[in-house]
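What follows is a set of notes on a single structure, which appears directly below.
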């Protein structure tokens, strides 16, 4: 399986480092610390011809929350005619696991959901569900 190109969007340093350490075995990871930076990073990845395969998006972020960032990313993809398997997969990551938050995430077209605290097992399971669990 190919090495994944991933973006980790997490504002809290220790959480970001932990997720980065787990995800690194699957490929290369860039980081963003807020929703604005995340949207721009995804746009630049498409413009450079090297789109992200996967984005881990925290929901509670400064400047622009993860739900809004996800909507912006999907709107950008739609505007460029990027659809189906060509879109980047988004896994929402959050301490909020109430049904409303989960449903809103899927309504906004995420492909997966991980609740904090992060664990290697949760990340592996989320990637397995998306059939993206081949190691590099």
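The values are calculated or read from the model by the stated rules, or taken from the named source; none is laboratory data. Predicted, not measured: the structure shown is a model, and the values here were computed from it. Virtual Cβ from ideal backbone geometry, glycine too; neighbours counted across all protein chains shown.
Things worth noting here:
- Evaluation of residue 81 against the conditions (1) within 19 Å of residue 34 (Cβ to Cβ); (2) modelled with pLDDT of 90 or more; (3) over 15 Å from the mean Cα position of the chain (by Cα) shows that the sole unmet condition is (1).
- Restricting the search to helices (runs of 4 or more DSSP H) fully inside segment 22-136 and requiring at least 1 residues that are closer than 14 Å to residue 8 by Cα gives 35-47, 66-79, 120-129.
Condition check ((1) closer than 25 Å to residue 33 by Cβ; (2) out of contact with any strand residue (DSSP E or B) (no Cβ under 7 Å at 6 or more places or on another chain); (3) in contact (Cβ under 8 Å) with a residue 60 or more places away in the chain) across all residues:
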{"residue": "77", "(1), (2), (3)": "yes, yes, no"}
{"residue": "86", "(1), (2), (3)": "no, yes, no"}
{"residue": "100", "(1), (2), (3)": "no, yes, no"}
{"residue": "111", "(1), (2), (3)": "yes, no, no"}
{"residue": "129", "(1), (2), (3)": "no, no, no"}
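- Members of segment 13-55 found to be free of Cβ contacts under 8 Å to residues at least 40 places away in the same chain, surrounded by fewer than 16 Cβ atoms within 10 Å (Cβ to Cβ) and more than 16 Å from residue 69 (Cα to Cα), listed by number: 13, 14, 17, 21, 24, 28, 47, 48, 49
- Condition broken by residue 63, with the remaining ones in (1) on the phi > 0 side of the Ramachandran plot; (2) buried (at least 16 other Cβ atoms within 10 Å of the Cβ) satisfied: (2)
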